[in-house]
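Structure first, then comments.
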Ligand code: ARG
């Protein structure tokens, strides 16, 4: 519809591309102002006339087509009122298409997303949960727009901490305990190392020696280190599986360990390295930033060096249009430094091509969360608790489901509830964690949207042969002109624009909010309109609306990395 209206405006406004006109057209906040509005402020400059006058002239010169009810002006706006029957037909026809919401904007382009990236031998905590769900949602959003997306897990699996861990393991660990308790045990002995090293600083030298052995390819050292990785990955992958998520590459920091010498060489060739107390740095004072440390005074590489190597490798291997980094705000400076160094190497693409996507903290408030030991909160425990809580609610609401159906629904809705809570607010804001809200079937929650989906499914299940009825091209669209139906159709029509908006802002919350708006619009539609009525034309048309709502709800949740169940 927007395109049609833009087409009408095209020859009335000079010097404007169709694309620009489409982008300017708004959906007014109140129905009294019509369904679409075209603001004339921008034209005022070019046409050297008051915007109100331009609006009036445009309005007078357009010959009203059948699909519009009327065209009027309101101040500097030209307001378009669509013919409701025509609008319903337009929305339903496009929404019935399998590709509704998709686009090919990203065709032939690759986006790398570096996210989740937990640290080996450390617990997967709530912060990692955030990067995981944000990164996964961005993957879905960009894929829907036709981009090829490489999902990269940049595990923290290299660095001096592994020297410490080997010393700790040799002194206070046992194979059985690590096998039995996994990361929990690795964390215990790591903490022990620090306590002991306070009393006995020689342990630090031992740790350095073991990391040196790792760096020089010592078989024993690498074998123990690899085992720590396997133990950790087993736990991480269990969480990913629970959440239904996957990666294309588990290329952690260690993957780049043999490429850091090249980084140092390239930086040297470009005269970018300066010596500083035995270390090598890139001076960034000209850009108001602390220097980027590249080689430590003991000659070893660090986190930043491996990130520099990773960028060069990824550019060469994937030739990305953009490489996104989803981490907490505390890494803002790190990425600003690394991106600047890449730019100083003469890579112009670094300016738009490398993007840090920060997010806020999870504030647990007064919530009691189960902990396995100390104050450490494991993401896996949170997910499991959510599943248990939802299982209880489903038991109560829907006792007739089979045990298997209940388990399946509890997993999908429980995990979805946590993900949704994480994605509903702008990512930069802190997320508050309140069980009562997260697992509620009402309000702005995942379970509410999933419940609305299941409601659509249940409505359609009870109407025999509905699929045939809605596939026919002779639906009676004139029965969809009441306020609730029009509102719902408007929500549905926004889907594509919502995805584009979310991708431009790297904001899954845009989709999450849309999912709630759509669910609410459907529930209002359902309150006002009975669907399983006797009149066939009315029933079929309302069935079609229910059918596309159900699909768009499912697609929206999918873009957030959340599944759906038919009964819950
Ligand atoms: N392992 C890091 C952490 O847990 C995140 C890594 C982010 N990615 C990167 N390329 N630096 O904080």
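Structural remarks
- Taking every residue in the range 105-133 that is within 14 Å of residue 153 (Cβ to Cβ) and modelled with pLDDT of 95 or more and pairing it with any residue that is assigned to a helix (DSSP H, G or I) and near the ligand (Cβ under 8 Å from one of its atoms), at least 6 positions away or on another chain, the pairs with Cβ-Cβ distances below 8 Å are 114/310; 115/131; 116/128; 116/131; 117/128; 117/131; 118/128.
- Residues that are part of a loop (DSSP other than H, G, I, E, B) and more than 22 Å from the chain's Cα centre (by Cα) were ranked within the range 342-360; the one that is surrounded by the most Cβ atoms within 10 Å (Cβ to Cβ) is 345.
- Within the span defined as the range 300-309, every residue fails to be under 24 Å from residue 136 (Cα atoms) and more than 14 Å from the ligand (Cβ to nearest atom).
- The lone exception for residue 217 - which of (1) surrounded by 19 or more Cβ atoms within 10 Å (Cβ to Cβ); (2) away from the ligand (no atom under 16 Å from the Cβ); (3) on the phi > 0 side of the Ramachandran plot it fails: (1)
- Qualifying residue in the range 73-81 (condition: within 12 Å of the ligand (Cβ to nearest atom) and either under 30 Å from residue 27 (Cα atoms) or in contact (Cβ under 8 Å) with a residue 60 or more places away in the chain (or both)): no
Rundown of residues vs (1) modelled with pLDDT of 95 or more; (2) over 23 Å from residue 87 (Cα atoms), yes/no style:
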site: 500; (1), (2): yes, no
site: 506; (1), (2): yes, yes
site: 514; (1), (2): yes, no
site: 517; (1), (2): yes, no
site: 536; (1), (2): no, no
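Rundown of residues vs (1) in contact with a helix residue (DSSP H, G or I) (Cβ under 6 Å, 6 or more places away or on another chain); (2) closer than 29 Å to residue 545 by Cβ, yes/no style:
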site: 7; (1), (2): no, yes
site: 11; (1), (2): no, no
site: 22; (1), (2): yes, yes
site: 35; (1), (2): no, yes
site: 43; (1), (2): yes, no
site: 81; (1), (2): no, yes
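- Unique residue being touching a residue at least 12 places away in the same chain (Cβ under 8 Å), surrounded by fewer than 19 Cβ atoms within 10 Å (Cβ to Cβ) and either more than 25 Å from residue 99 (Cβ to Cβ) or out of contact with any helix residue (DSSP H, G or I) (no Cβ under 9 Å at 6 or more places or on another chain) (or both) when the list is 523, 529, 468: 523
- Test: residue in the range 416-424 that is modelled with pLDDT of 95 or more, closer than 24 Å to residue 124 by Cα and not in a helix (DSSP H, G or I): yes
- Selected residue (criterion: farthest from the chain's Cα centre (by Cα)) from residues of the range 374-402 that are closer than 22 Å to residue 189 by Cβ and in a helix (DSSP H, G or I): 381
- Flag for residue 177 being assigned to a helix (DSSP H, G or I), surrounded by fewer than 22 Cβ atoms within 10 Å (Cβ to Cβ) and in contact with a helix residue (DSSP H, G or I) (Cβ under 8 Å, 6 or more places away or on another chain): yes
- For the range 297-324, a tally of residues being touching a helix residue (DSSP H, G or I) at 6+ places or on another chain (Cβ under 8 Å) and over 23 Å from residue 108 (Cβ atoms) returns 11.
- Residue check for residue 154: in contact (Cβ under 8 Å) with a residue 60 or more places away in the chain and surrounded by fewer than 20 Cβ atoms within 10 Å (Cβ to Cβ): no
- Given (1) touching a residue at least 40 places away in the same chain (Cβ under 8 Å); (2) within 15 Å of the ligand (Cβ to nearest atom); (3) out of contact with any strand residue (DSSP E or B) (no Cβ under 9 Å at 6 or more places or on another chain), index of the condition residue 350 fails: (1)
- Some residue of the range 144-164 being assigned to a helix (DSSP H, G or I) and within 16 Å of the chain's Cα centre (by Cα): yes
- Filtering the range 322-333 to residues that are crowded, with 17+ Cβ neighbours inside 10 Å and either assigned to a helix (DSSP H, G or I) or away from the ligand (no atom under 12 Å from the Cβ) (or both) leaves only 322.
- Search result, residues across the range 239-288 that are in contact (Cβ under 8 Å) with a residue 40 or more places away in the chain, surrounded by fewer than 15 Cβ atoms within 10 Å (Cβ to Cβ) and out of contact with any strand residue (DSSP E or B) (no Cβ under 8 Å at 6 or more places or on another chain): 262, 270, 287
- In the range 180-203, the residues that are touching a helix residue (DSSP H, G or I) at 6+ places or on another chain (Cβ under 7 Å) and part of a helix (DSSP H, G or I): 183, 185, 186, 189, 190, 192, 193, 196, 197, 203
- Residue match in the range 490-499 (condition: buried (at least 21 other Cβ atoms within 10 Å of the Cβ), within 27 Å of residue 434 (Cβ to Cβ) and in contact with a helix residue (DSSP H, G or I) (Cβ under 8 Å, 6 or more places away or on another chain)): yes
- Whenever a residue of the range 297-326 is touching a residue at least 40 places away in the same chain (Cβ under 8 Å) and under 17 Å from residue 152 (Cβ atoms), its partners that are more than 14 Å from the ligand (Cβ to nearest atom) and not in a helix (DSSP H, G or I), lying with C-beta atoms within less than 6 angstrom and at least six residues away or across chains, give the pairs 318/110; 320/110; 321/109; 322/111.
The values are calculated or read from the model by the stated rules, or taken from the named source; none is laboratory data. The structure presented is a predicted model; accordingly, all values stated were derived computationally and were not measured. Glycine gets a Cβ as well: all are built from the backbone with ideal geometry, and neighbour counts include every protein chain shown.
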